[in-house]
1. Need the full-extension length gain, Arg49 to Asn95, defined as separation in residues times 0.36 nm minus the C-alpha distance. One decimal, nm.
2. Spelling out what I want: for every residue of the range 99-107, take phi, set θ = phi - 60°, compute 6.51 cos²θ - 1.76 cosθ + 1.60 (Karplus), and round to whole Hz; glycine and proline get x.
3. So with the 1.4 Å probe, I'd like the accessible area per residue for the chain, rounded to whole Å².
4. Under the Karplus relation 6.51 cos²θ - 1.76 cosθ + 1.60, θ = phi - 60°, what is the ordered set of whole-Hz ³J(HN,Hα) values for the range 137-151, x standing for Gly and Pro?
5. Please compare each pair in Lys7/Lys149; Lys9/Lys36; Lys5/Lys87; Lys5/Lys149; Lys5/Lys68 to a cut-off of 31 Å on the Cα-Cα distance and tell me which ones are over it.
6. So, with +1 on the Cβ of K and R and -1 on the Cβ of D and E, and no other charges, what is the size of the charge dipole of the chain about its Cα centre, to the nearest 20 debye?
7. Say R0 is 25 Å: what FRET efficiency, to the nearest 0.05, do Glu70 and Ala113 get from their beta-carbon distance?
8. So, with a 1.4 angstrom probe, what is the percent of accessible area on the chain that is carbon and sulfur?
Amino acid sequence: PAMAKAKAKANRVKSIHNMGQINRALQAYAQDNDGKLPPADKWCDAIMREVQVPILFVSPQDPEAKAKFERGEKVSSYAFNAALAGKRLFEIAPNTVLVFECNLGWNGTGGLADLRKNVPPDQWNISTIDGAAMQADPNMLQRRRIQWKPER
């Protein structure tokens with residue numbers, strides 16, 4: 001049990017690292033595109049050049065996605081905050097969720113309702129516009145005033 005717990009913790013840390021990399025790729029994409037984030041329905045495809053390593057889209061906590069990836073399928077364990085599609089970075093508050101761990105498929109987008117529906121609250125991972133990637137839960141989101149809408 002102790003080994004399994006340690007492995008789960010390590011996988012969660014790796015997943016948060018992946019989200020940080022994806023966040024940086026989205027930031028780089030925006031810098032190259034007049035400050036705008038990609039369209040919601042093509043966000044994974046749009047940042048592939050910046051990501052360079054497609055396995056980054058696969059969370060080590062998502063064995064189903066890993067199996068699909070190994071079969072050559074396009075898969076992402078992470079979802080893009082749909083409310084930010086096409087928005088300019090400078091228009092978005094730094095504490096706004098950019099990417100969250102929730103397997104909604106390749107180019108999957110959504111919001112807090114999708115996270116609540118598909119992921120237990122003790123397993124939430126998010127990254128925000130300011131580049132932070134972290135474990136989260138409903139209380140932490142409230143305490144840190146993490147938001148999902150792009151308004152400043």
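The values are calculated or read from the model by the stated rules, or taken from the named source; none is laboratory data. Values in this document were obtained by computation on a predicted structure and should not be read as measured data. Cβ sites come from the backbone with ideal geometry, for glycine too, and all protein chains shown count toward neighbours. The accessibility values were calculated without ligands, DNA or RNA, using every heavy atom of the protein model including side chains. Shrake-Rupley method; radii C 1.70, N 1.55, O 1.52, S 1.80 Å.
1. 14.0 nm
2. 9, 9, 7, 5, 6, 10, x, 4, 6
3. The answer is 54 Å² per residue.
4. Here the 3J(HN,Hα) series is 8, x, 5, 5, 4, 5, 4, 8, 6, 6, 10, 10, 8, x, 4 Hz.
5. Lys7/Lys149; Lys9/Lys36; Lys5/Lys87; Lys5/Lys149
6. Result for the chain is approximately 380 debye, rounded to the nearest 20.
7. Computed FRET efficiency for Glu70 and Ala113 comes out at 0.25.
8. The computed percentage sits at 52.
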